[in-house]
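Participant: Pasting in a structure now, in structure tokens, and then I'll have a few things to ask.
The values are calculated or read from the model by the stated rules, or taken from the named source; none is laboratory data. Predicted, not measured: the structure shown is a model, and the values here were computed from it. Backbone-built Cβ (ideal geometry, glycine too); neighbour counts: all protein chains shown. Protein only, heavy atoms only, side chains kept; ligands, DNA and RNA dropped before computing areas. Shrake-Rupley method; radii C 1.70, N 1.55, O 1.52, S 1.80 Å.
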Amino acid sequence: MRKLPLRARWEGAALAERHGVEVVSRVSDYETEYRRVRDSVALTDFSFLRSYRLPTDRGIDLLETLLPGNIARIRYGRVLQTFMADDEGRLQADCYVVNNDEELILLCEAAAPDDQIARVIREADRDGIATDLTDSHVLLSVDGLRAWAVVRDLFGADVLGLPYLSVELYPFESEQVYLLRAGKTSEFGYLLLAPLGVGERLFDALRDAVARHGGGQCGVETHDSLRLEGRFFNIHAEGLRVGDPLTLGLQWMMDFEKSDYRGAAAILRRRADGLARKIVGVLAPPGEEGLRLGARLYHGADEVAEVVADAVSPSLGRRVALAVFRIDAAYAGLPFRLGSPQGPEVRSISMPPIMAKSLSVKLDEM
């Protein structure tokens, strides 16, 4: 198992394994971590992602053969979210591709074994142009209503002008840190990719700034629930359990003018055949605890859906889920029965079911 490089900084936290990599699973109880993100700010370790640096001129060609997004069209200073699939067109990793002018950065959050993702990239990189940063860098995430204040304290007010899915380099001690505005909680979010040599001191600086703004540390389990509640794709939940990017509604990650990336033939064939299933949000009534992973939903006597991701929403005071529906039943605003034709009623909903507090913050007035 690949260990987190900053594991000593997470003393007392619950550590776990995901696809061959160590992760910080939980630091405090769920409600506390959830409120840190929704009401203040939280620091999380995302160093379990694989990271690479590629020269832009040759890296574009390499990544175009691996990923369905249009790499050549990523503007300078911007970030593209796309995915990596296997030869059968099933999801292997959720990916960010960062264009920093003369170089590209690839971040892979995998639902496949860590060594398998490394092997795929190594075999595709026949000319050896990709530099693996996974063991030489740390990746830290700052998320929450006041995440912007934390990164402003470290790097100055210039960070407030960064749009979503953008990147900038900032100095930290003797090194350069990549700052991506790219959170998946629906609150403000930033990823910081930094050389391991300054990793511990960057962690300490972030931890202290987070504390000054009323926040604390957070594990990836809470991030899973926040992603679902905010309707951000989660490779570790619905991505892993469904696998098909079309059923999951990930067409926005793809350029359908491309046909030569990894898994393209299978994906395009399924697209031509038409969707048979589709993912839709589901909300349980207060006090109903049966809306959980694997639960079946019924319309009359017909089983029409299966829950593939679930979470408790403290903001709503009830359980929320994603379910894969038969295409003729895949609509929001409809009642279904949970568990059996006579089960309690739940409803399909438009996602997300909450309004993020960050949407009320005007950074240009700060």
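Participant: From the mean inverse distance of alpha carbon pairs (Kirkwood) and the Cα radius of gyration, derive Rg over Rh for the range 115-161.
Facilitator: On the way: Rg = 17.0 Å, Rh = 13.8 Å.
That ratio equals 1.23.
Participant: In Å², and per residue, what accessible area does the chain have when probed at 1.4 Å with the other protein chains present? Before the final figure, lay out each step's value.
Facilitator: Details: 15030 Å² over 366 residues.
Per-residue accessible area for the chain comes out at 41 Å².
Participant: Here's a follow-up. Please report, in whole Å, how far the alpha carbons of the range 99-250 spread along each principal axis, starting with the longest.
Facilitator: Between the extreme Cα coordinates on each principal axis of the range 99-250 lie 41, 39, 26 Å.
Participant: Given the pairs Lys184/Lys278; Lys184/Lys258; Lys3/Lys357, which are separated by over 23 angstrom at their Cα positions? Intermediate results must be reported in sequence, preceding the final value.
Facilitator: On the way: Lys184/Lys278 21 Å; Lys184/Lys258 27 Å; Lys3/Lys357 34 Å.
The answer is Lys184/Lys258; Lys3/Lys357.
Participant: On full extension of the chain, what length is gained from Ser259 through Ala332, given 0.36 nm per residue of separation minus the C-alpha to C-alpha distance? Display every interim value, and only then the final one.
Facilitator: Working: separation 73, 0.36 × 73 = 26.28 nm, distance 3.22 nm.
Length gained between Ser259 and Ala332: 23.1 nm.
Participant: Can you tell me, using C-alpha contacts under 8 Å and at least 6 residues apart, the relative contact order of the range 313-366 as a whole percent?
Facilitator: Details: 33 pairs, mean separation 13.3, N = 54.
Result for the range 313-366 is 25 percent.
Participant: Follow-up question, since we're still on this one. Counting only helical runs of four or more DSSP H residues, what would the 222 nm mean residue ellipticity of the chain come to if each run contributes -39,500 (n - 2.57) and the total is spread over all its residues? Please report the intermediate quantities before stating the final value.
Facilitator: Values: 7 runs with 76 residues, N = 366.
That comes out to -6500 deg cm²/dmol.
Participant: Could you please tell me the mean projected area of the C-alpha convex hull for the range 28-86, averaged over all directions and given in square nanometres to one decimal?
Facilitator: For the range 28-86, averaging the hull's shadow over all directions gives 6.5 nm².
Participant: Expressed as a rounded percentage, what relative contact order does the chain have, with Cα pairs under 8 Å and six or more residues apart? Write out the running numbers ahead of the final one.
Facilitator: Working: 819 pairs, mean separation 64.9, N = 366.
Once divided by the residue count of the chain, the mean separation gives 18 percent.
Participant: Shape call for the chain from the C-alpha gyration tensor, a ≥ b ≥ c root eigenvalues: rounded (a/c under 1.5), prolate (a/b greater than b/c) or oblate? Can you show the working numbers first?
Facilitator: Values: a/c = 1.83, a/b = 1.22, b/c = 1.50.
Oblate is the answer for the chain, as a/c is 1.5 or above yet b/c matches or exceeds a/b.
Participant: Modelling each spin label as a point 7 Å along the Cα-to-Cβ direction, I'd like the Glu289/Ala276 distance in nm, to one decimal.
Facilitator: 3.6
Participant: Run the quick spin-label model on Leu316 and Gln342: label points 7 Å from Cα toward the beta carbon, then report their separation in nm to one decimal.
Facilitator: Going by the 7 Å Cα→Cβ label model, 2.8 nm.
Participant: So what are the ³J(HN,Hα) numbers for the range 152-166, from phi and the Karplus equation (6.51, -1.76, 1.60; θ = phi - 60°), rounded to whole Hz, Gly and Pro as x?
Facilitator: 5, 4, 7, 10, x, 5, 4, 5, 5, x, 6, x, 4, 6, 9
Participant: What net charge do the residues around Leu246 carry, taking every other residue with its C-beta under 12 Å from that of Leu246, with Lys and Arg at +1 and Asp and Glu at -1?
Facilitator: Charge balance in the 12 Å sphere: +4.
Participant: Now a separate question. Contact order normalised by length for the range 75-229, with contacts defined as Cα pairs under 8 Å and 6 or more residues apart; what percent is it?
Facilitator: Numbers: 226 pairs, mean separation 29.3, N = 155.
Relative contact order here is 19 percent.
Participant: Which cross-chain or sequence-distant (5 or more) residues have an amide H under 5 Å from the amide H of His137, H modelled 1.01 Å from N in plane?
Facilitator: Placed amide hydrogens put Leu196 under 5 Å from His137.
Participant: Here's another thing I want to ask about it. What FRET efficiency, computed as 1/(1 + (r/R0)^6) with R0 = 22 Å and r the Cβ-Cβ distance, is obtained for Arg126 and Tyr76, rounded to the nearest 0.05? Let's see the in-between values first.
Facilitator: Details: r = 27 Å, r/R0 = 1.22.
In this case the efficiency is close to 0.25.
Participant: Also, quick follow-up: Alpha carbons only, please: Rg and Dmax for the range 229-268, in angstrom.
Facilitator: 11.2, 34
Participant: Another question, if that's okay. Quick one: go through the range 3-18 and flag any residue whose amide nitrogen is under 19 Å from the point 7 Å out along the Cα-to-Cβ line of Ala211.
Facilitator: 6-14
Participant: Can you list residues whose amide H is under 5 Å from Ser25's amide H, if they're 5+ apart or on another chain and H is modeled 1.01 Å from N?
Facilitator: For Ser25, the qualifying residues are Ala14, Leu15, Ala16, Val220.
Participant: While we're here: From the Cα gyration tensor of the range 60-170, with a ≥ b ≥ c the square roots of its eigenvalues, which class applies: rounded if a/c is under 1.5, or else prolate if a/b is larger than b/c, or else oblate? Let's see the in-between values first.
Facilitator: On the way: a/c = 1.99, a/b = 1.76, b/c = 1.13.
It is prolate, given that a/c is not under 1.5 and a/b is the larger ratio.
Participant: Which order do peptides 295-301, 275-281 fall in by mean Cβ count within 10 Å, highest first? Write out the running numbers ahead of the final one.
Facilitator: On the way: 295-301: 16.9, 275-281: 18.6.
Most protected by this proxy first, the peptides run 275-281, 295-301.
Participant: Using modelled backbone amide H atoms (1.01 Å from N, in-plane), which distant-in-sequence or interchain residues come within less than 5 Å of Ala93's amide H?
Facilitator: Met84, Ala111
Participant: Percent of accessible area on the chain owned by carbon and sulfur, 1.4 Å probe? Walk me through the numbers on the way to the answer.
Facilitator: Details: 7070 of 15030 Å².
The C+S portion of the solvent-accessible surface of the chain is 47 percent.
Participant: If you take the square roots of the eigenvalues of the alpha-carbon gyration tensor of the range 1-115 and sort them as a ≥ b ≥ c, do you get rounded (a/c under 1.5), prolate (a/b over b/c) or oblate? List each step's numbers first, then the result.
Facilitator: Working: a/c = 2.19, a/b = 1.74, b/c = 1.26.
Verdict is prolate for the range 1-115.
Participant: Any idea how far apart Leu165 and Glu200 come out in nm if each label point goes 7 Å out from Cα toward Cβ?
Facilitator: About 3.8 nm separates the two model spin labels.
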